Amino acid sequence: MKLSESLATIAGTAEEFAAPAEHVNGVLVAEPAPGEVVYVCAYEGPAGLTWLALQEDGTPVTSRNRVREAVTIAALCEVAEEQAGGGDLEELRKQLTGLRLTENPPGIDEAEAAALDLERTLGAAPRVASPRYLDEIGAAARRLERALGDTGTSPFAVAMQQALAAVEELAKDVEAQYKLPLT
């Protein structure tokens, strides 16, 4: 089954857990460990946001650790996708193309190839958030940074480090607003 089909199926299942006047607002797919797919569902309703994580078979996840791992990797991958290539990869690729056409500096081909590689790594939505995917984004972002001449501290790594507190806060919010008791 394709990921988009799985998402549609899980979203339908998630609706069954919605409280009155509440609806599924989004579903993120995480694979915190190889072969362990978790769908993190956000609900919106009169009480604000609530959360529920579902396994592939549609049963709720009640393990606090599994929920935390799924939310954390999903959030980290979202941040990585937003930060990779300086936050606007499409604009960067346009600028590199313009620079190649006007000045054609040494290394521009390498930079364009690295930007294209990063774009391919990011792929099209929907995606599965996983440690492997996060590592692939990080490696592709670093190749691009080096191709652009940045040999010092990685701006991407700094942005990811700065996001850790927000990711931790999100995980706490999910736990606090979880639809079922966590063990």
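The values are calculated or read from the model by the stated rules, or taken from the named source; none is laboratory data. These numbers come from a predicted model, not from an experiment. Quick reminder, even Gly has a Cβ in these numbers, built from the backbone with ideal geometry, and neighbours come from all protein chains shown. Heavy atoms of the whole protein, side chains included, go into the accessibility calculation; ligands, DNA and RNA do not. Shrake-Rupley method; radii C 1.70, N 1.55, O 1.52, S 1.80 Å.
Summary of values
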| quantity | calculated |
| --- | --- |
| The chain: relative contact order as a whole-number percent, Cα under 8 Å and 6+ apart | 25 percent |
| Cα pair count fraction exceeding 28 Å, expressed as % - the chain | 34 percent |
| Alpha carbon convex hull of region 1-99, projected area averaged over orientations, nm² | 8.4 nm² |
| Rounded if a/c under 1.5, otherwise prolate or oblate - region 91-170, Cα gyration tensor axes | prolate |
| Fraction of accessible area attributable to carbon and sulfur, the chain (%, probe 1.4 Å) | 52 percent |
| DSSP bridge pairs, the chain: antiparallel proportion in percent, nearest 5 | 85 percent |
| Reach of LYS172 by Cα under 16 Å, taken over aspartates and glutamates that are not fewer than 8 positions away in the same chain | GLU69 |
| 4 °C / 1.567 mPa s Stokes-Einstein diffusion coefficient of region 49-112, Kirkwood radius on C-alpha pairs, µm²/s | 86 µm²/s |
| Principal axis dimensions, region 1-58 - Cα atoms, whole angstrom, descending | 36, 20, 15 |
| Nearest 10 degrees, 0 to 90: helix 131-147 Cα axis against the chain principal axis | 20 degrees |
| Tilt relative to the chain, helix 3-15 - C-alpha long axis, 0 to 90 degrees, to 10 | 30 degrees |
| Segment ALA166-GLU15, extension gain: residue separation times 0.36 nm, minus the distance between their alpha carbons | 51.6 nm |
| Simple Cβ-charge dipole of the chain, Lys/Arg +1 and Asp/Glu -1, about Cα centre, in debye nearest 20 | 240 debye |
